[in-house]
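Notes follow the structure.
The values are calculated or read from the model by the stated rules, or taken from the named source; none is laboratory data. The structure presented is a predicted model; accordingly, all values stated were derived computationally and were not measured. Note that each Cβ is placed from the backbone with ideal geometry, even for glycine, and that neighbours are counted across all protein chains shown. The accessibility values were calculated without ligands, DNA or RNA, using every heavy atom of the protein model including side chains. Shrake-Rupley method; radii C 1.70, N 1.55, O 1.52, S 1.80 Å.
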Amino acid sequence: MKNTEEKVVAVIMVGGPTKGTRFRPLSFNTPKPLFPLAGQAMVHHPISACKSIPNLVRIFLVGFHEEREFALYVSSISSELNIPVRYLKEDKPHGSAGGLYYFKDLIMEDNPSHIVLLNCDVCCSFPLPQMLDAHRSYGGMGTLLVIKVSAESASEFGELVADPVTKELLHYTEKPETFVSDLINCGVYIFTPEIFDVIQDIHTNCEDRVNLHTLSSFEALRLTTKTSPKDFVRLDQDILSPLAGKKQLYTYETMDFWEQIKTPAMSLKCSALYLAQFRHTSPGLLASSNGAKNPTVVGDVYIHPSAKVHPTAKIGPNVSISANVRVAAGVRLMDCIILDDAEIQENAFVMFAIVGWKSSLGKWSRGDGDYKTKLGITILGEAVTVEDEVVVDVVNYIDFDHFDDDLMMLYHHNGNLAPQIRLLSNDDDKIDNVCVYLMYSDQCYYVVYVNVLNEILIKACRLISFSSQQDLQERLEELYQVYIAGIKVEVNKHSFELDYQSGSKSTDQTREVLDRDAPI
C-alpha cells in the first residue's frame, strides 16, 4: 500500500550547449530543451508527465545552459502546473550520475523517499505512476524503464538482460559491439536515496576504475582536462553495469512509443507522436475544423491561439503551428513544425519540414522532404526568405553509412551566403559524414557540401542558369555524381577559391563539370 506521507522529487537532465550539436541549426537560436514539439517545449512533456506522480513536491532541471535561458520558462511552468520547478546549473559537466550527486543537498532538502530521474531528449508516454508502483513492489534501489526494439537498432543504445519473472536487471552493457539483447534502456529511472551512497562509493574508489578508452570523446576530454575524474560519474557504465545481478536494480517494460530526440528529423517524428498522445491526454490542445472561420484540419494538429490561419488552408496531419504564425489562403501543411512569427504565403506547400522563426515561404513555393524514407527533412533557419515559386527539395543529397539523419537547409540572410555555417578549419579530414545544402543568395543558387561532424566546408558550387525545375534537378544530379565518384574540393575559408583534387573520375572530367560553376 502506498504511504501517503512519502515524498517524490523529479530530476530532469537537460544537458548543455557543448552537447546536442546534432540538433543544429535549430539549437543556434534556442536551447534544445526549449525547442517546441507539438506546440510545447521539449522539456515540457516530461515535466507534465511528472505532474501525475503522487506526492510530487518539486522538479529540478539540471544542466549547464546559462540560467537566464531558462528563467522565463521555469517561472511560467511553475505557475502553470502549481509545482515548484527550479533550474540548477552545473559548474562543469559531472556525468549523468555525477550531476545528480552534485546537487544532492538541494534534491534531498524535502527528504524524499524516491527520486525520479529523466533525460530531456527522450520522447515517450512516461508511465511514471505505474513505474513507481512497480518499483515499490520490487523493493530494490532502482528501476529502469525499458522497451524492446529491433535487433538491428539495439546496439545504438544500452542493451540489458532482465529476469522474465522477477524483472531484476541481470546484465547491462552500453552500446555493445555485438548483439546482447533487444531490450534497451529508455533513460527514465526511479531511485531511492541510497543511490547517493553508491555514487559516493564511486567517488572514493574512482581512480581504480577510470578507463578513458570506454568514455565518449567528450567525456574523455573533460576527464583529462578540466574535470577531475572523481567528479565525473556515468549512470550507465559506473552504476547500472556493476550493480546488475545484485538484486538492487529492476526493470519496467513499456509497450508504448519511445524515441530519442537527437536530430531535427527526429524532433519532427516525436512532435507527431506527442500530437497523437494529445488525443488521449489533452484533446483540448488539438485543432478542429469546426466553424466557418477555421481551416480544414486533417488528423492531429496544434495551432497556437495567436496564429492566424486562413479558412481556405488545409492543415495536417501532424502539424504544429507556433505563436504569431501567419498562414495565407490555399496553403497546404503536412508533417511539419512552423515556428514563431513565420509566414506561409498563398498556395505554398510544406511537408516534412521545419520553418524557422520569422521565416517566410513565398507564394506557390514548396518545401518538403521525407524522414520516413530517410531522405531527410527541409529546415529553414531563423529569418529565412524563400522567394515566390521556389522549390526547396531534399531528394538530392548524399547519404553515407554512418549518417542517416541528413538535412538540407535553405538560408537567406542579408544577401550573404549562410553565415550560420561556421568554417572551423581547412584540415584534410576524412569525409564520412556529409550534408548537402542548397542555398539561395543574391538571386543565385549554391550547392554546398559540409562535414556535419566538424562543420568544415568541403565544397561550394554556384548553379549559373537553369530554365526550369527539371533543369535544376539535372544540374544538381550532375554535381552529386561527381562527388560520389570521389572528387573532393577543399574551400579556402578566406578567399573561397576552389582547389581541385582528383578522385576516381579523371581530372579532365572533373574540371569539365566544375568549371561551368563559378566559384563563390
Need one value: the accessible area of residue 203 in square angstrom, 1.4 angstrom probe, rounded to the nearest 10. 30
Determine the relative contact order of the range 17-112: mean sequence separation of Cα pairs under 8 Å and six or more apart, normalised by residue count, in whole percent. 22
So how long is each side of the range 31-181 along the principal axes, counting just the alpha-carbon atoms, biggest first, in Å? 44, 32, 31
Per the charge dipole of the range 55-165 (beta-carbon charges, Lys/Arg positive, Asp/Glu negative, Cα centre), the residue among 127, 143, 107 reaching farthest to the positive end is 107
Using only the Cα atoms of the range 1-115, each taken as one equal point scatterer with no solvent, compute I(q) by the Debye sum, divide by I(0), and report log10 of the ratio at q = 0.22 Å⁻¹. -1.33
To the nearest Å², the heavy-atom accessible area per residue of the range 63-133 with 1.4 Å probe amounts to 42
Dividing the convex hull volume of the alpha carbon atoms of the range 68-120 by its residue count, what do you get in Å³ per residue? 109
